[in-house]
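This report refers to the structure that appears directly beneath it.
The values are calculated or read from the model by the stated rules, or taken from the named source; none is laboratory data. Keep in mind the model is a prediction, meaning the values are calculated, not measured. Cβ atoms come from the backbone with ideal geometry, glycine included; neighbour counts cover every protein chain shown. Surface areas here come from the heavy atoms of the whole protein model, side chains and all, with no ligands, DNA or RNA. Shrake-Rupley method; radii C 1.70, N 1.55, O 1.52, S 1.80 Å.
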2 protein chains.
Amino acid sequence: MPAETRVNKVAKVDASSARPDSAPLTERQEARRRRILHASAQLASRGGFDAVQMREVAESSQVALGTLYRYFPSKIHLLVATMQDQLEHMHGTLRKKPPQGDTAAERVAETLMRAFRALQREPHLADAMVRALTFADRSVSPEVDQVSHQTTAIVLDAMGLENPTPEQLSAVRVIEHTWHSALITWLSGRASIAQVKIDIETVCRLIDLTEPKEPR
Amino acid sequence: MPAETRVNKVAKVDASSARPDSAPLTERQEARRRRILHASAQLASRGGFDAVQMREVAESSQVALGTLYRYFPSKIHLLVATMQDQLEHMHGTLRKKPPQGDTAAERVAETLMRAFRALQREPHLADAMVRALTFADRSVSPEVDQVSHQTTAIVLDAMGLENPTPEQLSAVRVIEHTWHSALITWLSGRASIAQVKIDIETVCRLIDLTEPKEPR
DNA sequence: CGGTAATCTAGAACAAGTTTCAGACTTGAT
DNA sequence: ATCAAGTCTGAAACTTGTTCTAGATTACCG
């Protein structure tokens, strides 16, 4: 009945690592998806959010505009997916060289600063991804949540926690809030790199507050 | 030489309270500006960010589209200005009934929760303003900075501080980061009201950390 | 194989933000 | 009162995200 192995509604799912969603993709479809994400990241690296124009992405990835929209129902979806993709990279990289700090707070701050430095190397890409992330509305919630969970996983990794308490989870959320918002102020030129560093270090002190004695 | 009392480039400035910018506005211009902001807030209250359509704003405020763009060079500028406007209100309101908490942290948390409840009454308006704020790029930096300063003033008021230390300023920045980001997650349905409350209370604990000995 | 349903393509069409332009209107100065 | 310069208006044009359509392709089932 179907054609290229059905892809029910939107092929927004799955892929290499962690996206156990609805439908498996054909190899050609997987290739298309990858081409699209690659084109997206490339255009974003050049000129940020505005440079990622749907027609251009379609052309660069040799896919019809309609197809692009079948895979990613909006520009925001596309950029959030691009961010998921990049985050996976980063998490992998971080796993290999875990932070060295003595306290959880230090390790988290170090991890975030490492990520920050990576973003500084591709400020336009960072701009596109972060702007998309914060501009996303309800229709993108599932994808944004994925990004959020991935980020949480990275932070918890750095803390070395298996079973965080609700209190600690709240602290982690606050750290992520700060992380996102600080990135935005940096990207829009309203805060210096030094200031972002200070703010990250400041918020990480919250961790100590939630780790009084025995992490039972 | 000029006409309606020159307004050099953009009439983006000034107004009632705090915007000591370049050019004074004619009464008619002041009235136009006010009509525009009113229309903006009204449309935003109805349907949020998307409902604020420039053509509609122009029509509602009985101003030509070109004029609207002369006053506010982009939709984002318009919405950020709308936010400045609303913030002034709020700051005024808060001044009248200062928070009651014993510690600075409590007072700040109470203040922010009060603001949060106000936003809950107009979720669409909140959506429009916050989305605009975080989506703003460099071209809107001055205006966004104003909003940021206004927010800082509110928080410092709640803390009862005259001369904050750099450390405390960083804590305040982190609080604002959390505030913005938490609002976004709430607006996009990814966090509950309760969670926002918890996160605000959590981040406010940072204040105690920066207030070593004698507070008052 | 052949059939059929889903997918992909090319391109037009639409929507909303932004720009542009000619002409009418105001303002402050002479 | 007149005038020069800046402002406002109305309307069209342009840009980019998004939707739609008709026809060509592809995948899988029997």
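So which pairs qualify, if the first residue must be in region B:62-83 and away from DNA strand D (no atom under 13 Å from the Cβ), the second must be hydrophobic (A, V, I, L, M, F, W, C) and open to solvent by 30 Å² or more (accessible area, probe 1.4 Å), the Cβ gap must be under 8 Å, and the two must be at least 6 apart or on different chains?
Close Cβ pairs (under 8 Å, with a partner that is hydrophobic (A, V, I, L, M, F, W, C) and open to solvent by 30 Å² or more (accessible area, probe 1.4 Å)) amount to B:Ile76/B:Phe135.
Failed condition for B:Asn163, given (1) assigned to a helix (DSSP H, G or I); (2) under 23 Å from A:Glu201 (Cβ atoms), with all others met?
The single condition B:Asn163 does not satisfy is (1).
Looking only at residues in region A:66-76 that are of a type outside the set (Ser, Thr, Tyr) and more than 17 Å from A:Glu30 (Cα to Cα), which one is farthest from DNA strand C (Cβ to nearest atom)? Break it down stepwise before answering.
Kept after step one, since they are of a type outside the set (Ser, Thr, Tyr), are these residues of region A:66-76: A:66, A:68, A:70, A:72-73, A:75-76.
Next cut, more than 17 Å from A:Glu30 (Cα to Cα) only: A:75-76.
Numbers: A:Lys75: 13, A:Ile76: 15 Å.
Restricting to residues being of a type outside the set (Ser, Thr, Tyr) and more than 17 Å from A:Glu30 (Cα to Cα), the top hit is A:Ile76.
For region A:62-90, what are the residues that are aliphatic (A, V, I, L, M) and under 15 Å from A:Val52 (Cβ atoms)? Walk me through it before giving the result.
Filtering region A:62-90 for residues aliphatic (A, V, I, L, M) gives A:63-65, A:68, A:76, A:78-81, A:83, A:87, A:90.
Across region A:62-90, the qualifying residues are A:Val63, A:Leu65, A:Leu68, A:Ile76, A:Leu78, A:Leu79, A:Val80, A:Ala81, A:Met83.
State all residues of region A:178-214 that are at pLDDT 95 or above and of a type in the set (A, V, I, L, M); if no residue qualifies, say none.
Result: A:Ala182, A:Leu183, A:Ile184, A:Leu187, A:Ala191, A:Ile193, A:Ala194, A:Val196, A:Ile198, A:Ile200, A:Val203.
Looking only at region B:173-195, how many residues end up being under 19 Å from the mean Cα position of the chain (by Cα), within 10 Å of another protein chain (Cβ to nearest Cβ) and not hydroxyl-bearing (Ser, Thr, Tyr)? I'd like the intermediate steps shown before the answer.
Here is the first cut: in region B:173-195, the residues under 19 Å from the mean Cα position of the chain (by Cα) are B:173-188.
In the following step, the residues that additionally are within 10 Å of another protein chain (Cβ to nearest Cβ) were identified as B:173-185, B:187-188.
Then keep just the ones that are not hydroxyl-bearing (Ser, Thr, Tyr); that gives B:173-177, B:179-180, B:182-184, B:187.
Of the residues in that region, 11 qualify.
Just give me the residues in region B:33-88 being among the aromatic types (Phe, Trp, Tyr), in a helix (DSSP H, G or I) and open to solvent by less than 30 Å² (accessible area, probe 1.4 Å), in sequence order. Let's see the steps before the verdict.
Filtering region B:33-88 for residues among the aromatic types (Phe, Trp, Tyr) gives B:49, B:69, B:71-72.
Now drop any that are not in a helix (DSSP H, G or I), which leaves B:49, B:69, B:71.
Scanning region B:33-88 gives B:Phe49, B:Tyr71.
When you go through A:Leu161, A:Leu169, A:Leu206 one by one, which is the residue that is more than 16 Å from A:Thr82 (Cα to Cα) and at the interface with chain B (Cβ under 8 Å from one of its Cβ atoms)? Working first, answer last.
Values: A:Leu161 fails: at the interface with chain B (Cβ under 8 Å from one of its Cβ atoms); A:Leu169 fails: at the interface with chain B (Cβ under 8 Å from one of its Cβ atoms).
Result of the check over A:Leu161, A:Leu169, A:Leu206: A:Leu206.
Taking interchain pairs and intrachain pairs at least six residues apart, which have beta carbon atoms under 7 angstrom, with the first residue in region B:24-38 and touching a residue at least 24 places away in the same chain (Cβ under 8 Å) and the second among the acidic types (Asp, Glu)?
B:Arg28/B:Glu4; B:Gln29/B:Glu4; B:Leu37/B:Asp85
Out of A:Ser139, A:Ser148, I need the residue that is of a type outside the set (Phe, Trp, Tyr), within 11 Å of another protein chain (Cβ to nearest Cβ) and more than 17 Å from A:Asp85 (Cα to Cα). Which one? Break it down into steps so the answer makes sense when it comes.
Details: A:Ser148 fails: more than 17 Å from A:Asp85 (Cα to Cα).
It is A:Ser139.
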